[in-house]
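The structure appears right after this line, and notes come after that.
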Amino acid sequence: MLQLSRDDLVQAYIRMRTIREFEERVHTEFAGGAIPGFVHLYAGEEASAVGVCMNLEDKDYIASTHRGHGHCIAKGCDVEAMMKEIYGRRDGSCGGKGGSMHIADLSKGMMGANGIVGGGPPLVCGAALSAKTLKTGGVAVAFVGDGGSNQGTTLESYNLANVWNLPVVFVVEDNGYAESTASAWSVGGSQLKRAEAFGMPGREVDGHDFFAVYEAAKEAIDRARAGDGPSLLHVKLNRYYGHFEGDAMTYRADGEVEALRETVDSLAAFRTRVTETGLLEGRQLDDIDREVAASIGQAVTAAMSAKAPSEEDLLTDVYVSY
Amino acid sequence: MAKKSYRQAINEALAQEMRRDPTVIVMGEDNAGGLGAPGEDDAWGGVLGVTKGLMPEFGRERVLDTPISESAFIGAAAGAAATGLRPVAELMFVDFMGVCFDQIFNQAGKFRYMFGGKAVTPLVVRTMYGAGFRAASQHSQCLYPIFTHVPGLKVVLPSSPYEAKGLLIQAIRDDDPVIFLEHKVLYDDEEEVPDEPYTIPFGEANLTREGEDVTIVAMGRMVKFANQVADGLETDGISCTVLDPRTTSPLDTDSILESVEETGRLVVVDEASPRCNMATDISALVAERAFGALKAPIRMVTPPHTPVPFAPELEDLYIPSPEKIGAAVREVMEHGA
């Protein structure tokens, strides 16, 4: 099956399960009032982040969206530090100064979730320029939503990546809604024709199928790494929760989410595929499920008891020197 | 040491830093120019020739011409800065910040804080500002108070060729995002500028003139005006200190306060629009922390609260002139004699 070893498949499943479990717990904890601010959950979209990032190394960069937890986990960020960050704790990924919308770990090549829709693609062009100029062999991936796909920053970045011939992949995660507005309404033309117009190969991918995402991302990333320029993936998927936690989702059809959970579950599809082909055993996956649930539970416990930042932290980290 | 223009001083700073450090790159619209066109290569060297000659020396891999896409390339410069390069991006006119400000203030300016001190973003955005070119409302603004307002950015206003070279080298070596504002009317000004590289630290005001009666704080092009005025007033027996803060962020508040403690009178000259500009900021600082030393009301000399007009007669009225600065100094001298 492709070039994925059994270890790779186990790793992919662990990451997908970790994202799902992480988001389900954040949903519960947020509802209980333990988490401040806004959170935007990635549950339902796991195959996209993991399918793409299984092709990446630490030296490769990604930039994310509001819905960034999944991308962080897929890129290898520390899950307990992430949970602490979402709780606003001092030893969170960003010292409690970023929160859910700004989780980042540059040492893992994660340039941050982004509070600005369309904020990431120009930054990724810069990371790709660094890779090209410093000859690291790295590539950079911009995740944007269907909402972000309509921002000028994104479209300008398509052009810049082309004219500078940058090792970039644009991954448009189209979950059908930009906040409450349907992408069927808000996206003029088509994502693939946009790619074509900017001189990039583009592919539409079933974002619930890890293997389809992995294979399409591999082609695009290999192309970028070979110095052949940018590509675009239009990943069609669904989110199980609202735009943000607390969104009553009155814009969705009755029973829509329940039906999605029944019919398009990337984790269930992965399990079926790998067990039916005999690559992994159901028991192995059950063990992973239990282990991941325990580690997320531990992350929540650690986050709840972790220290909040204190007054002296307010003024630090604005500048390197001032 | 030779006489060099403000333009040459900036060009020399860029070239010397690019020779010293291979991670320094330059990017912007027409920074070389002529890319893909049938005529000359390095056709422009920037719209006013400031980056001329860099591309032939360093190649197109380090002197990157860009499409007219400020959001994309200023953002790319921010992203490149966070991932190992030291980009100097040129925003041709500061007025164009409107199409890329998000990448400056929400992205580059906040990386370090949002990421808990783990990001280093050695970005320089060079940009041209100021009135006096008959360039009208969308090519003449100052706007530096807007950058100064944003925590995480450093803001530099070189007032002469010597200042421009030392401050730009400092900016390139600095590990924080720096907005480096070049006054377009100063490009042909000349003065002695050392050939070797040197730095001028940020946050240390330049005492360009020491006097006893009045402190004039001025920045950018206004420093020259303030010194001209001070020369003229000397013959009338009025002795002025002229302080050039050099950087509005960080701002050398100590030097301003110390000077006002000595003179007891303050005139602030600021070419930026009058609401929430450096003049109001410095006046508030002095009112709050040196009120007891003041012998006279503070005077602010600024343009009116209008866009920059086109007609030469109107633009000349708009710009804070030496006459207006002189009148403000005479006015504060009527108090506390």
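A few notes on this one:
- 0 to 90° range, to nearest 10: angle between helix B:161-173 axis and chain B longest Cα axis: 50
- If you take the alpha carbon atoms of region A:6-308 and fit the smallest convex hull around them, that volume is 118 Å³ per residue.
- When the alpha carbon coordinates of chain B are projected onto the principal axes, the ranges are 65, 46, 40 Å, largest first.
- Summed side-chain charge close to B:Gly34 - residues other than B:Gly34 whose Cβ falls under 14 Å, Lys, Arg +1, Asp, Glu -1: -4
- Region A:32-93 and region B:260-316: distance between their alpha carbon centers, rounded to Å: 48
- Of the complete DSSP H runs in chain A, those spanning 30 angstrom or more by Cα along the long axis with a mean Kyte-Doolittle score not below -1.0 are A:6-31, A:282-305.
- Treating each Cα of region B:206-333 as an identical point scatterer and summing with the Debye formula, the log10 of I(q)/I(0) at q = 0.09, 0.11, 0.14, 0.18 Å⁻¹ comes to -0.22, -0.33, -0.54, -0.90.
- Chain lengthening between A:Phe38 and A:Thr301 when straightened (0.36 nm per residue, less Cα-Cα): 92.7 nm
- As a ratio to 2.2 N^0.38 Å, the alpha-carbon radius of gyration computed for region B:9-153 takes the value 1.05.
- Per residue, the convex hull around the alpha carbon atoms of the protein assembly as shown comes to 164 Å³.
- Cut-off of 10 Å, at most 11 other beta carbons, DSSP loop: longest stretch of chain A lacking such trypsin sites (Lys or Arg not before Pro): A:136-306
- For B:Glu196 and A:Leu134, the FRET efficiency from 1/(1 + (r/R0)^6), where r spans their Cβ atoms and R0 equals 25 Å, is about 0.35.
- Remark: spin-label model distance A:Met249-B:Glu262 equals 6.9 nm, labels positioned 7 Å along the Cα→Cβ axis.
- Using alpha-carbon coordinates, inclination of helix B:253-263 to the longest axis of chain B, degrees: 20
- Chymotrypsin sites (Phe, Trp or Tyr not before Pro) restricted to region A:207-296 and DSSP loop, no more than 13 other C-beta within 10 Å: none
- Nearest 10 degrees, 0 to 90: helix B:322-333 Cα axis against chain B principal axis: 40
- At an R0 of 60 angstrom, the distance between the Cβ atoms of A:Thr275 and B:Ser321 translates into a FRET efficiency of 0.15.
No lab work stands behind these numbers, since they all come straight from the coordinates. None of the values given here were measured: they were computed from a predicted structure. For neighbour counting, all protein chains shown are included, and Cβ atoms are generated from backbone atoms with ideal geometry for every residue, glycine included.
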